[in-house]
Amino acid sequence: MSDSIARQDPFDLSGVRDHREYARALAGLVDQGRRERCVALLSEIEAYVVAELLGQYAQVDPTSELNQLAATLGSRLYSRLGV
């Protein structure tokens, strides 16, 4: 795999076959991310907006694996923001 292709899919998600497998792969990345050091990538305002959007998305279909993952990520962002 060339370096440019590796950078486009650094977390090896291109091989997933469906939404369920995608949700599992993302959940695995979240678990992995909990063990790594934190790096600020967004301003506090941007992080709040992302948390809000994830929360709204999660409410669309609360039983969907992707929506549950969105709820988890939104909750973690709110927690880190102290909201």
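The values are calculated or read from the model by the stated rules, or taken from the named source; none is laboratory data. Fair warning: this is a prediction, and the values are worked out from it, not measured in the lab. Accessible surface areas use protein heavy atoms only, side chains included; no ligands, DNA or RNA. Shrake-Rupley method; radii C 1.70, N 1.55, O 1.52, S 1.80 Å.
Only one residue in ASP18, ASP3, ASP12 is acidic (Asp, Glu), open to solvent by 40 Å² or more (accessible area, probe 1.4 Å) and at pLDDT 85 or above. Which one?
Details: ASP3 fails: at pLDDT 85 or above; ASP12 fails: at pLDDT 85 or above.
None of the others qualify; the one that does is ASP18.
Is it the case, given these coordinates, that ARG37 is open to solvent by 90 Å² or more (accessible area, probe 1.4 Å), at pLDDT below 90 and part of a helix (DSSP H, G or I)?
Taking the combined requirement at face value, the residue does not satisfy it.
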